[in-house]
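Q: Structure in structure tokens, see below.
Any read-out appearing in this document is the output of simple, stated calculations on the displayed coordinates, not a laboratory observation. Owing to the predicted nature of the structure, the values given are computational and were not obtained by experimental measurement. Reconstructed Cβ throughout: ideal geometry from the backbone, glycine too, with neighbour counts over all protein chains shown.
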Amino acid sequence: MTDKEENVISEESLNTETKKVTNKRSRDEEMDEVEEDGGNVKKTSFPQITIEDTADEQIRKVTIPFNRIAPLKANWQQIYEPIVTHLKLQIRMNTKTRKVEIKTSKSTKETSSLQKAADFVHAFSLGFDVNDAVAILRLDDLYIDSFDVEDVKILKGDNLSRAIGRVAGKDGKTKFTIENVTKTRIVLADKRIHILGSYSNIRVAKDAICDLIIGSPPGKVYAKLRTVASRISERF
């Protein structure tokens, strides 16, 4: 190594060390300013993001199962009307890819509209009625919780069928009772169970369904639901 190369390396090392020292001094000065203000750190406030701020168009694609394509076509007018008129979004159905495509437009105002529309279409694809799923567009605290029967208890063959039958009840009586008491909507799709409602109501409905899957008699579950219903009525 020559003397010139050694001088260049030493100059670079000195520059890096001076940069480190200056950065450390600036940090120490900032800490001193915070201590002088009494330890009160000023919080940065960011303005609310609007659609105009995001120049690119956003899009959501929701896959539709084979068994829900015919109901989607039959209820298409009820699905696209609230999305187009109220949320000011663009929507189309792609039958080749079995996907509903939702896109923002120039007249879209709220940034959350696209996600609400996607959740609405997704709820319909899971098996919920249009009139029930449209509540997602109107209310903010509605969620969908999905789980398998085998997540609660591993069952096979006839035992699995009997567990699903206990949740449904005769002519759907048990399912309707749970829905009316907890103010939720339930879809039984083979081994998969979907619950639509608020967080607290979903928890009550899920507890009742889990009790039925484990093997509790419906009468015992009804009694527990009556006490929960009385508490809910007293609260509101």
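Q: Amide H of Asn75: which non-local residues (sequence gap of 5 or more, or other chain) have their own amide H closer than 5 Å, using H built in the peptide plane?
A: HN-HN under 5 Å from Asn75: empty list.
Q: Which pairs in the list Lys99/Lys206; Lys175/Lys220; Lys153/Lys175; Lys183/Lys220; Lys99/Lys175 are over 23 Å apart, alpha-carbon to alpha-carbon?
A: Lys99/Lys206; Lys99/Lys175
Q: Put a dot 7 Å past each Cα toward the Cβ at Tyr143 and Lys183; how far apart are the dots in nm?
A: Between Lys183 and Tyr143, the simple spin-label model gives 1.7 nm.
Q: What FRET efficiency comes out for Asn131 versus Lys224 if R0 is 30 angstrom and r is the Cβ-Cβ distance? Round to the nearest 0.05.
A: 0.55
Q: Positive end of the charge dipole of the range 143-235 (Lys, Arg +1 and Asp, Glu -1 on Cβ, about the Cα centre): tell me which of Pro217, Ile144, Leu155 has its Cα farthest that way.
A: Positive-most Cα among the choices belongs to Pro217.
Q: Beta carbons within 10 angstrom, averaged per residue: use that to sort the peptides 199-212, 170-183, highest first.
A: By packing density, highest mean first, the sequence is 199-212, 170-183.
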